[in-house]
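In what follows, a structure is listed as structure tokens, so that the remarks can point back to it.
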Number of protein chains: 2
Amino acid sequence: MPRTLFRLLLFATVLPVAAAAAQVNWSPPPLGLMPAPAAVRASSGRVPITAGTTFALTGVVDDRLRTGVTRLIVRLQSRTGLMLSRTLTTPAGSATVVINCKGPGFTTPALGEDESYTLDAGAQVVLNANTVAGALRGLETLRQLLLGDAGGFFIPGISIEDRPRFPWRGLLIDVGRHFEPVEVIKRELDAMAAVKLNVLHWHLSDDQGFRVESRKFPKLQQLASDGDYYTQDQLRDVIEYARQRAIRVVPEFDMPGHVTSWVVAYPELASAPGPYELARKFGVFDAAFDPTRKETYKFIDAFIGEMAPIFPDAYWHIGGDENNGKQWQANPKIQAFIKEKGIKDAHALQTYFNQQLVGILHKHGKRMMGWDEILQLGLPKEAVIQSWRGQKSLVDAAKQGYDGVLSAGYYIDLMNTAASHYAVDPLPPTADLTSAEATHVLGGEATMWGEWVDPETIDSRIWPRTAAIAERFWSTGQDPDVDDFYRRLAVVSVELEELGLTHLRNADVLLRRLTGGADVAPLRTLADLVEPVKGYQRGGQQPWMTTLGPLTHLVDAVSTDSPGARATTALANNLLGDAPRFSLARNELEARFTQWLEVRAAITRLADQSPALREVTPLADDLAAMGEIGLDALACLSRRIAPDAAWRDAKLAALDRAARPKAALEFPFVTSMRELVIGAVEQGQLATMSPAEWRARVRSLAAPPRRGRE
Amino acid sequence: MPRTLFRLLLFATVLPVAAAAAQVNWSPPPLGLMPAPAAVRASSGRVPITAGTTFALTGVVDDRLRTGVTRLIVRLQSRTGLMLSRTLTTPAGSATVVINCKGPGFTTPALGEDESYTLDAGAQVVLNANTVAGALRGLETLRQLLLGDAGGFFIPGISIEDRPRFPWRGLLIDVGRHFEPVEVIKRELDAMAAVKLNVLHWHLSDDQGFRVESRKFPKLQQLASDGDYYTQDQLRDVIEYARQRAIRVVPEFDMPGHVTSWVVAYPELASAPGPYELARKFGVFDAAFDPTRKETYKFIDAFIGEMAPIFPDAYWHIGGDENNGKQWQANPKIQAFIKEKGIKDAHALQTYFNQQLVGILHKHGKRMMGWDEILQLGLPKEAVIQSWRGQKSLVDAAKQGYDGVLSAGYYIDLMNTAASHYAVDPLPPTADLTSAEATHVLGGEATMWGEWVDPETIDSRIWPRTAAIAERFWSTGQDPDVDDFYRRLAVVSVELEELGLTHLRNADVLLRRLTGGADVAPLRTLADLVEPVKGYQRGGQQPWMTTLGPLTHLVDAVSTDSPGARATTALANNLLGDAPRFSLARNELEARFTQWLEVRAAITRLADQSPALREVTPLADDLAAMGEIGLDALACLSRRIAPDAAWRDAKLAALDRAARPKAALEFPFVTSMRELVIGAVEQGQLATMSPAEWRARVRSLAAPPRRGRE
């Protein structure tokens, strides 16, 4: 019996209907399924996938479904190497896979779509759905179910009932700071479909660039895009590509702040006289629309009137964030306007602005969405609030009767780990909301802000982490086993690459560029052990960077979830958990620490030929220092010699140095190294306490004084 | 002194002006320069590249040059990680790099452009050119000159005078069999520019697909493209992208044969009644235009009239190859036409067809180009002949006064090695042509026929091999040192990847897909030791494949130039050349052979979970068998025990089995394994002859009876 099938059946026993309702008592789903279905029941048997495998469509059939099935066939071909027929079979009873779709659902994707489906693999594979969108979601599950063993490829016997927990499951892509060409957006849409996300929130303008072609206001793209913008045909092409995958596209044109690019082209829109230049740095800029002039609204009306037919979604994101109000304060005419109208302050002025926008949007058939700053007294109730400053604003909005979408906790540009994002829930059991209020929580969005990504690196910043967030939005429960969570994430990661994503392959490209083509093995060892600095630290580490700078540093090549760090921490835990023998994992740790010394030597040599590696050598030095400390600690533990406090203090001081970020990178396992040091020193205490007590003591003594995260 | 600079200076001593004229006495160029410049002189000194590096343009400046300089700056940034200014400096004297362009040259690229340039790096870097095209060529050389050492990045002191040997240096990309989206064509153009190719020959229609949008005849793309075609905007976009790089785009619409896609849409064009279906298999099909009907020419006239303004180049490729004549023979009206007009045979009828085409092309301002079948009595002298059936037709054409371009020997779809293509010269010293006739040889074209490539694999089929062909077309001499040739090719290969090519990165994607995400190391070891079968053998190995089949087999992941095979052969040569001691390279060979046994075990395990690997296990078995044979032979040599004839015959028989292609792959080092076997058996002969005589005897006895190539 193949291991995977065994695993599947194991779960089937433990978990006849897996966690359909509750968030508690939830177990990880079998196979690599991500997001986990609402209910899974495994059965014996299998449906072989061979060169003779056939497909049938019954019920409603449209172009989305037909091309969706062709996509699945092509992907099964790619994985199996088999030549499959794309010709659909009749009658359905004779087909290997039958997709039965009861209705078309929304032919243009819309909020509130029925995305449920059932999938049964017994004598044949039968996928049932009420809508094409549901069928497309089921096809992605079917793709993930493909297994192989000595008997060939097959779909395991299984019965799945599935539906999403939240109706709004989005990914924001900011193309304002760095432009992402059509082919990049398309591959992100492929990946989104693979993990059942259904909203592309396309952030199309910002201080650093205006990214769409306007025929009414052509200076926008001519003067404020550096030539990097989407033509209207390209916008339509992307939106149709999304529609084929039942993904909505919500455009964002941020205003009244974040508008430097608009006022580069049309300075008369601003609240202070121009001329303006495109922002190249990052942060909050002063430019803001003048909300007191009729011409401003006439312009916005004409612009939205031009764009509204291109974007069929009912929602329109007006941004509304981070307007610092400086231009408004400094402009006497605006201050006079405030006084005259009895407007309280800048916030109220922005609400006034938003109220005008609501009218304009209505005229063009759109509902307003905005960042949580727009949640001010007087905001029309139909507005949707996107919470970025914290979960509280989502709860506040829901209590006041506004629909809301959570992005706080899903800022993937901050380079936090997949597990940390996964831990955030749009609607935790602790949320202080009535069930009626809770229905206002529509879901969430991961946000790929564009300061530090370009077409070569963006995939590795979005994926595979966003698959974890997608599971959070789709599935009812949470995987309690971090190791299994990362195992499933690794499966999805390789699957995404098969769909054309570049997050794995491009890492090596960056390493080869850094080494100038030489052997990348030592650099890869180091790269696997570090993580990018979290939050907004990178800007401090590389203050000279602008939108025109090179995203080709080591930090651009490494994952937010260091596999080497996870492995090192696990080994250290095994060793210290094996007190007082300390033999478990000893050899692996010794080999690892020894390798770190070799890595330093190799990288030092490489840096002499590849000066781009010079910023990396201090990290290699740190790694070697930690290797030496680790070997020392291991020797002390195996010889049962407890070193003294001076030794401990020297080692801890060295580890403090290693813990300091360098080249915008950090080692996320320094605390484990501290525990090894403390463990060596504290050996004697094992005479007076149980191994578990001792382990807790070591953990507590080793807790870093100021920093650290593991 | 850094190794690379030392190497540079070494060559400077040996080669004050490198091989500017002659093909003999030519030495490999220093650094990674490919194609090699006509003349290189190294000097001491260096121009540092730092964050303060600046650029200036003097003389003629246009958008091509300005964006070309920006591209260079971005690439230098990527490699160095430095933030460079894109603002050009004045005065030029204070800039790090000065580009001085004396005239614009052809603003639309055209045959006969002056592409020469000089580049001097002393106190500053000065690039001089007569045309923008020449300046762009020089900028690519400058990009290749970037070096680094412990002192930082720099351009070494150097003086280069350079110009191309041939004016027509092309790459054909066939998008008929497999479509290649715009972004693929653009990255191929980037790579072409990097190695100074100047013609994209775009094969846009064939039996398997019609790939451009016609507004006059929309059924062409609607019925005959599977939805995979270029809009007219996309064609213009690609042509402008090429123009920016001083690359001509010559379209090919193959006729009167290879026209199944045309007649799927418009069956009335064919010489036999329809309906027709798109070809899915490969080979020669019967469909041919009816050359006797006026309506055929009217259609072609209208079509070319629509397309001619889109393609600005003076040349228009009409194909003209592989018309099997069956439809013409079977059509009584065509036979009656032949009789009536006194046309001799099908060849003459095709010449008649071509004569009509020449008139149509003239009308639209185009000169005809075609495959060498069109070289028939009566062909207008202005036609350009592309020789694919052999070098003879190029010579015949030149003698008759026709311009010609060589493609025989540059069919990169046949999966021959880079060195074998490099050995072919469009105008070898042995060519029986007067110098006047020789001027008709315009150059050559590598041909990427599309049967076995898709967007994921095409780069690895074109690159880096085509860089070798590009050197053949540009440079005067030939690198006599195969090892150095491959060293330079490896440098170029990594450089091309930096420009966005995917030939290296996608190999791992294919391996990960084959293993289902498991560790790919053992599969990579095997992949590095095999090469795709050469010539047209793959069709025989995978007869079930069509244009819709999966190009995701191991053969799609491996290079035509197995680095592992080259290394194995080199080691075996070292060992046998070290007779009678046989100690040189012994340990390396032993480690290698032992690893081959482990590879079999690992791949057998992997195949149990990844059935797509089943076709690979026989290769793993062969590899293990060769590993055992190798270890046996090594043992015999080191123990000075000569095995008997029965041992030899059993080993040679096993090697014969290993030499047979499997899964469309073959081991290119089997002859070396035979030499080890023969060497072991023939040890005794060392008593009676010199080591050199003995080595020759082993080589001769080991020469494979039927097959083999190394």
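Every number here is computed from the coordinates shown, using simple stated rules; none is lab data. The structure presented is a predicted model; accordingly, all values stated were derived computationally and were not measured. Ideal geometry is used to build each Cβ from the backbone, glycine not excepted, and the neighbour counts take in all protein chains shown.
At A:GLY684, with labels set 7 Å past Cα in the Cβ direction, how many nm apart are the copies from this one, shortest first?
7.6
Helices from chain B with mean Kyte-Doolittle at least -0.5 and a Cα length along the axis of 30 Å or more, per DSSP H: which? Please report the intermediate quantities before stating the final value.
Details: long enough: B:586-609 (36 Å, -0.61); B:617-638 (31 Å, 0.86).
Helices passing the filter in chain B: B:617-638.
Sorted by mean Cβ packing within 10 Å, highest first, what order do the peptides A:682-693, B:154-165 take? Kindly include the intermediate steps, with their values, before the conclusion.
Values: A:682-693: 13.2, B:154-165: 21.4.
Per-residue Cβ counts within 10 Å, averaged per peptide and sorted highest first, yield B:154-165, A:682-693.
Specify which residue in the list A:LEU220, A:GLN478, A:ALA279 is farthest towards the positive end of the charge dipole of the protein assembly as shown, using unit charges on the beta carbon of Lys, Arg (+1) and Asp, Glu (-1), about the Cα centre.
Value computed over the given set: A:GLN478.
Radius of gyration and Dmax for segment A:332-380's Cα atoms, expressed in Å?
When restricted to the Cα atoms of segment A:332-380, Rg and Dmax are 11.9, 35 Å.
If you average the C-alpha positions of segment B:330-347 and of segment B:464-494 separately, how far apart do those two centres end up, in angstrom?
Cα centres, segment B:330-347 to segment B:464-494: 50 Å.
Distance between Cα centroids, segment B:201-247 to segment B:521-594: provide it in whole Å.
Cα centroid to Cα centroid, the span is 38 Å.
Please report, to two decimal places, log10 I(q)/I(0) for chain A at q = 0.05, 0.06, 0.11 Å⁻¹ as given by the Debye formula with identical point scatterers on the Cα atoms and no solvent.
Log10 I(q)/I(0), no solvent term: -0.28, -0.40, -1.23.
Within a Cβ distance under 12 Å of B:VAL195, other residues only, what is the Lys/Arg minus Asp/Glu net charge?
Values: positive: B:ARG137, B:ARG143, B:ARG169, B:LYS196, B:ARG245, B:ARG465, B:ARG472, B:ARG488; negative: B:GLU140, B:GLU188, B:ASP190, B:GLU471, B:GLU495.
Every neighbour counted, the sum reads +3.
Measuring from centroid to centroid over Cα atoms, what is the spacing of segment A:634-710 and segment A:45-115 in Å?
Segment A:634-710 and segment A:45-115 have Cα centres spaced 56 Å from each other.
Give, to the nearest whole percent, the P(r) tail of segment B:346-425 beyond 14 angstrom, counting all Cα pairs. It would help to have the intermediate numbers written out before the result.
On the way: 2010 of 3160 pairs.
So the pairs more than 14 Å apart make up 64 percent of the total in segment B:346-425.
Please name which of A:GLY365, A:ALA585, A:PHE311 has its Cα lying farthest along the dipole of chain A towards the positive end, using unit charges on Cβ (Lys, Arg +1; Asp, Glu -1) and the Cα centre as origin.
So the residue furthest toward the plus end is A:ALA585.
Let's see if you can work this out: charge +1 on each Lys and Arg Cβ, -1 on each Asp and Glu Cβ, no other charges. What is the dipole magnitude of the protein assembly as shown about its Cα centre, in debye to the nearest 20? Let's see the in-between values first.
Working: 154 positive and 166 negative charges, 112 e Å.
Here the size comes out at about 540 debye.
Place a +1 charge on the Cβ of each Lys and Arg in segment B:632-710 and a -1 charge on the Cβ of each Asp and Glu, then give the dipole magnitude about the Cα centre in debye, rounded to the nearest 20. Spell out each step's value before the answer.
Numbers: 14 positive and 9 negative charges, 40 e Å.
That gives a dipole near 200 debye.
Restricting to DSSP H runs of at least four residues, report the calculated mean residue ellipticity at 222 nm for the protein assembly as shown, -39500 (n - 2.57) per run over all residues, nearest 500 deg cm²/dmol. Mind dumping the intermediate values first?
Details: 54 runs with 613 residues, N = 1420.
So the helix-based figure for the protein assembly as shown works out to -13000 deg cm²/dmol.
Compute the label-point distances linking A:ARG86 to its equivalents in the other copies; points lie 7 Å from Cα along Cα→Cβ; give nm, one decimal, shortest first.
Distances between equivalent label points, in nm: 3.9.
Two decimals is fine: what is log10 I(q)/I(0) at q = 0.27, 0.34 Å⁻¹ for segment A:393-434, from a Debye sum with one equal scatterer on every Cα and no solvent?
Normalising to I(0) and taking log10 leaves -0.96, -1.20.
Between copies, how far does the label point of A:PRO267 sit from its twins, in nm, shortest first, when each point is 7 Å from Cα along Cα→Cβ?
Here A:PRO267 shows inter-copy label distances of 6.7 nm.
Output the relative contact order of chain A, whole-number percent, from Cα pairs under 8 angstrom with separation of 6+ residues. Present the calculation step by step, with values, prior to reporting the outcome.
Details: 1387 pairs, mean separation 77.0, N = 710.
Worked out over chain A, it gives 11 percent.
Which lysines have a Cα less than 18 Å from the Cα of B:LYS534, not counting those fewer than 8 places away in the same chain?
Straight-distance partners of B:LYS534: B:LYS662.
Say each of B:THR231 and A:ASN324 gets a label point 7 Å from the Cα, pointing the same way as Cα to Cβ; how far apart are those two points in nm?
Using points 7 Å along Cα→Cβ, the separation is 4.0 nm.
Treating the Cα atoms of segment A:555-700 as identical point scatterers in vacuum, please give the log10 of the normalised Debye intensity I(q)/I(0) at q = 0.08, 0.10, 0.18 Å⁻¹, two decimals.
Cα-only, vacuum Debye calculation for segment A:555-700: -0.23, -0.35, -1.03.
Taking 0.36 nm per residue of sequence separation and subtracting the Cα-Cα distance, how much length would be gained by fully extending the chain between B:GLU588 and B:GLN685, in nm to one decimal?
Working: separation 97, 0.36 × 97 = 34.92 nm, distance 2.55 nm.
Taking B:GLU588 through B:GLN685 to full extension adds about 32.4 nm, to one decimal.
In debye, nearest 20: dipole of chain B around its Cα centre with unit charges on the Cβ of K, R (+) and D, E (-)? Walk me through the numbers on the way to the answer.
Numbers: 77 positive and 83 negative charges, 124 e Å.
That gives a dipole near 600 debye.
For B:LYS219, go through the lysines and keep the ones whose alpha-carbon is under 24 Å away, minus same-chain ones fewer than eight residues off.
B:LYS281, B:LYS294, B:LYS298
Volume per residue, Å³, of the convex hull around the alpha-carbon atoms of segment B:467-620? Let's see the in-between values first.
Working: hull volume 25.3 nm³, N = 154.
Normalising the Cα hull of segment B:467-620 by residue number yields 165 Å³.
Could you order the peptides A:245-253, B:658-666, B:101-109 from most to least packed, using the average number of other C-beta atoms within 10 Å per residue? Before the final figure, lay out the partial values.
Values: A:245-253: 24.8, B:658-666: 21.2, B:101-109: 17.7.
Listed from highest to lowest mean packing, they are A:245-253, B:658-666, B:101-109.
Within the P(r) computed for the protein assembly as shown, what percentage of the Cα pairs occupies the region above 46 Å? List each step's numbers first, then the result.
Details: 465264 of 1007490 pairs.
The share of Cα pairs beyond 46 Å in the protein assembly as shown comes to 46 percent.
Cα convex hull of segment A:107-180: mean projected area in nm², to one decimal? Before the final figure, lay out each step's value.
Details: hull surface 31.3 nm².
Here the figure is 7.8 nm², rounded to one decimal.
How big is D for segment B:242-347, in µm² s⁻¹ as a whole number, if Stokes-Einstein is applied with the Kirkwood radius of its Cα pairs at 10 °C and 1.306 mPa s? It would help to have the intermediate numbers written out before the result.
Values: Rh = 15.2 Å.
The Stokes-Einstein estimate is 104 µm²/s.
Based on other C-beta atoms within 10 Å, arrange A:VAL358, B:VAL74 from fewest to most. Spell out each step's value before the answer.
Details: A:VAL358 18, B:VAL74 15.
By the 10 Å Cβ count, ascending, the order reads B:VAL74, A:VAL358.
Taking R0 as 60 Å, what FRET efficiency do you get between A:ALA423 and A:ARG293 from their Cβ-Cβ distance, rounded to the nearest 0.05? Can you show the working numbers first?
On the way: r = 46 Å, r/R0 = 0.77.
Plugging the Cβ-Cβ distance into 1/(1 + (r/R0)^6) gives 0.85.
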